[in-house]
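Okay, so here's the structure we're looking at.
The values are calculated or read from the model by the stated rules, or taken from the named source; none is laboratory data. Everything numeric in this text was worked out from a predicted model, so none of it was measured. FYI the Cβ positions are ideal-geometry reconstructions off the backbone, even for glycines, and counts take in every protein chain you see.
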Amino acid sequence: MSEASVPVGVVGVGALGRHHARVWASVEGARLVGVHDTDTARAEAVASAHGCPAHGDLDTLLGEARAVSVAVPTVDHHAIGRRALESGCDVLLEKPMTSTLAEADDLVALAEEKKAVLQVGHIERFNPATEVLIEAAKAPRFIEVHRLGSFSPRSLDVDVVLDLMIHDLDILLVLDPSEPTQIEAVGVPVLTSRVDIANARIRFESGLIANLTASRVSLEKVRKFRAFAPRTYVSADFTAREAQVFLLEPGDGDQPRIASQKRGAPDQEPLRRQIEAFLGAVRGRATPVVSGTDGRRALALAHRILARMAEG
């Protein structure tokens, strides 16, 4: 692709999409050519803030853009993602990728057919703390995750597993690519008709055991991911964008010592890093950091957890 700025658009400018528009408006190498939302007043407000048109017709925006962020409700991910891919656009599709695995398979196949870049918006993959975690926690044997947040009317079209836990499932599958062999799970609807707090215990073929808790009815916000590996312990704080790494090293005589270091980059915004990585894949026609296949695998594990909950 030439060095000219890539024309980009944002479909859906609600709680998440408006931030996509904000970042796209200032990313070097991209040009925000418009936004679209079914709420025209909201679209016009976001467009005005960033000096671009609000397109009332989605196809008009897709005709002008080379790449789009899709941040509509999950139930519409497949339909909008398919329209964008069919129009020739590369797509950054918010998580969860789709509602069903069949829809995810359809988008992966269509992107391959169109030779399009399809990236799934697992934003924690671009958190500086995650980079430390993946680098330091080699062959983990036990993982403990807490992702807790207060109630919000956003994303109530899906349960907490697809809304919050799926972030950590994606990272878990990067840390251990072996197959999950056993799942125990419980979920409780508290403030909505869907599961609002969930716990899953997953055993992998490698022997790794992961215990994950996700809640959207907590009084405090917690985003902690702890990994224990031979001679290594890593505690990642996604909110602080930092990770503490503890290593058991040879000491004086027969006494080992514990070395620790804090690493990360609190000043780096994960969404900006995600969008810049997507833009790099678009310009270089490269496989994105979080591919459609990656998004599909995290979705499949989330659905296995939900199925286990339904079994009681």
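Structure values in brief
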read-out: Region 115-154, residues that are crowded, with 17+ Cβ neighbours inside 10 Å, part of a helix (DSSP H, G or I) and not β-branched (Val, Ile, Thr); value: Glu124, Arg125, Phe126, Pro128, Ala129, Glu131, Leu133, Ala136
read-out: Filter result for Gly34 (out of contact with any strand residue (DSSP E or B) (no Cβ under 9 Å at 6 or more places or on another chain) and assigned by TED's automatic domain parsing to the domain that holds Ser69); value: no
